[in-house]
Amino acid sequence: MKLFYLLIILCFLSCKKKDGNFTLTGTITDDSFGVGLSDASILLYQVSGSNSNQILISTISTDVNGNYKFVFKREMMEKYILKITKTNYYDFDETIYFSSLSLENDNVRNYSTTAKSWVRLKFLNLAPVNSDELDFTKQIGKSSGLGCAPLTEQHLIGAIDTSIVYINDGNKTFSYNYSVFGTSIMGNKSVVTVPFDTTEIYLEY
């Protein structure tokens, strides 16, 4: 009889455990300034295994140090998705699978993002002829996202007086190598782009 009651108690505790809450916490870092990203909006979605619909279950903002915390009911989901946004910063999504979450301990997930910035490449051919060809290739700079400088070599032909704008991470280096075909003119141009602004690299040849 004692064994019977013990099994009932263990079963009850097991059910209570499974019906608990997940705690998801961490810090969002502003990688452009090396501090916590304050007042960023974080949206938490759940996605079941039966479909791909994202259901919003909670929205919070980071504190002055970039910290956040969600407490939400344990439900049988395939995954959860965090969406982090703040004006003038790059948005990003993170997928957290149900199987990776713990009921017993806080689930710590730390992330980082950067301020938006832009680089304007200004090219001026001082004595152009139709056969002139300037080739340039990005060496350092933001590598993903709409508006990034391509990794492939770029070509400018003939009389050139133009500007090209690319996105970059704020307070990070953007650089490119260049050469003028058939000449000894070549080199590297580099700049640290200013957060929330456009920084120019000027090249005349």
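Descriptive notes on the structure:
- Between Gly158, Gly66, Gly170, the Gaussian network model of the chain with springs among Cα atoms under 10 angstrom shows the greatest mean-square fluctuation at Gly158.
- Separation of the alpha carbons by more than 21 angstrom is noted, of Lys116/Lys172; Lys69/Lys116; Lys86/Lys122; Lys116/Lys142; Lys138/Lys172, for Lys69/Lys116; Lys86/Lys122.
- Choice from Ser52, Ser112, Ser175 showing the highest fluctuation, given a GNM over the chain with Cα pairs closer than 10 Å: Ser52
- Counting only DSSP H runs of at least 4 residues, each contributing -39500 (n - 2.57), and dividing by the residue count of the chain, the helix-based mean residue ellipticity at 222 nm comes to -3000 deg cm²/dmol.
- Helix 2-18 and the longest principal axis of the C-alpha atoms of the chain enclose an angle of approximately 30°.
- Among Asn65, Asn51, Asn125, the residue with the largest mean-square fluctuation in a Gaussian network model of the chain, with springs joining Cα atoms closer than 10 Å, is Asn51.
- Amide hydrogen neighbours beyond the local backbone of Tyr89, cut-off 5 Å, H modeled: Lys116
- Efficiency of FRET between Leu56 and Cys148 - r from beta-carbon atoms, R0 25 angstrom, step 0.05: 0.30
- If R0 is 41 Å, the Cβ-Cβ spacing of Asp93 and Val129 corresponds to a FRET efficiency of close to 0.25.
Since every read-out is calculated from the coordinates, none of them should be taken as a lab result. These numbers were taken from a predicted model, which means no experiment stands behind them. So basically every Cβ, Gly included, is an ideal-geometry build from the backbone, and we count neighbours across all protein chains shown.
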